[in-house]
1. Quick one: in region 141-157, which of the residues that are outside any loop (DSSP other than H, G, I, E, B) and hydrophobic (A, V, I, L, M, F, W, C) is nearest to Ile81 (Cα to Cα)?
2. Only residues that are under 19 Å from Ser78 (Cβ atoms) and either out of contact with any Phe, Trp or Tyr (no Cβ under 7 Å at 6 or more places or on another chain) or basic (Lys, Arg) (or both): list them for region 106-126, please.
3. Does region 140-159 hold any residues that are open to solvent by 70 Å² or more (accessible area, probe 1.4 Å) and among the aromatic types (Phe, Trp, Tyr), and which are they?
4. Output the residue which, of all residues in region 29-58 that are in contact with an Asp or Glu (Cβ under 6 Å, 6 or more places away or on another chain) and within 15 Å of Ser238 (Cα to Cα), is least open to solvent (accessible area, probe 1.4 Å).
5. How many residues are at pLDDT 95 or above, more than 22 Å from His39 (Cβ to Cβ) and of a type in the set (Lys, Arg) if we restrict to region 132-178?
6. Among what's in region 223-236 and is in contact with a Phe, Trp or Tyr (Cβ under 9 Å, 6 or more places away or on another chain) and in contact (Cβ under 8 Å) with a residue 60 or more places away in the chain, pick the residue that is surrounded by the most Cβ atoms within 10 Å (Cβ to Cβ).
7. Cβ-Cβ under 7 Å, sequence separation 6+ or interchain: first residue in region 209-220 and of a type in the set (Phe, Trp, Tyr), partner buried (at least 21 other Cβ atoms within 10 Å of the Cβ) and part of a strand (DSSP E or B). Which pairs?
8. Go through the residues of region 59-74 one by one and say whether even a single one is open to solvent by less than 70 Å² (accessible area, probe 1.4 Å), at pLDDT 95 or above and in a strand (DSSP E or B).
Amino acid sequence: MCRLRKSVRVALCICAVGAPIVLAAQPMAGNGFLFGAPHGTISVRGGFAQPSAGSDVFSFVQEHLTLGRGDFGASALSGDIAVFVTDRLALQLSVGSSGRSVPSEYRDWVDNKELPIKQSTVLRRMPMMLGLRYYLVPPGRTLGRLAWVPARFAPYVAGGAGRVWSRFRQSGDFVDYKTLAVFHSTLRSDAWSYGGYGAAGVEYAMTPKVGLVAETRYDRASARMSNDFSGFDRIDLSGVSATLGLTFRF
């Protein structure tokens, strides 16, 4: 997990820190235009992600613990590197991370001291996807032989597929329903799975090289659960997210 988190942080940092380096190598910009069309974009965004939480393991914990489906909503961080293959179409690599730890207790059970039986539940998702981005209008236009002027607004749609790393973990005190004994444990299910996504967004040009970008995205994925959660079906890793950030043209 430590290595995985580090790799995702490194990928996102490359998007953020590498953008100024790439921009420094970009041909000089004029007053409101670039000398030549950009080759691609680097985007870094932050926002909120809401998992669907639709599988039976979520139904189980919501029934027995003081958890609701909305409790798994979490902050999200994502980054994209896109390279234009035509004026409107770009190939993009996207990485992201979202997750949170939610405290809870049993709804109907207390321990032999009449105290709540407490635990925490962690859900973390990290998609790494390769896809295509298509601009609904040209993201810019060429003037004369050299000047390229960005469009003020450039809406787009995107989609693709890739891999999703996930963690579902519960740590704390639990009830053995056969003996009614309370025991302490940590239950964990880590998995890699395949997934896909669809997204819609819009870029707003602030300068020829820098703009704002807002995106709404839906990820679809599921994964097998470990032996700690034997008897449960695949965990639902789907969800929606809304993010806002900066995009840099290079």
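1. If we take residues in region 141-157 being outside any loop (DSSP other than H, G, I, E, B) and hydrophobic (A, V, I, L, M, F, W, C), then Val157 is nearest to Ile81 (Cα to Cα).
2. Result: Arg124, Arg125.
3. Hit for region 140-159 is Phe153, nothing else.
4. Selected residue: Ser55.
5. Looking only at that region, the number is 3.
6. Ile235
7. Taking only residues 6 or more apart or on different chains, the pairs are Tyr218/Tyr197.
8. For region 59-74, residues open to solvent by less than 70 Å² (accessible area, probe 1.4 Å), at pLDDT 95 or above and in a strand (DSSP E or B): present.
The values are calculated or read from the model by the stated rules, or taken from the named source; none is laboratory data. Bear in mind the structure is a predicted one, so any value in this text is a computation, not a measurement. Note: ideal-geometry Cβ built from the backbone for every residue, glycine included; neighbour counts use all protein chains shown. Heads up: the accessible areas ignore ligands, DNA and RNA and are worked out on the full protein's heavy atoms, side chains in. Shrake-Rupley method; radii C 1.70, N 1.55, O 1.52, S 1.80 Å.
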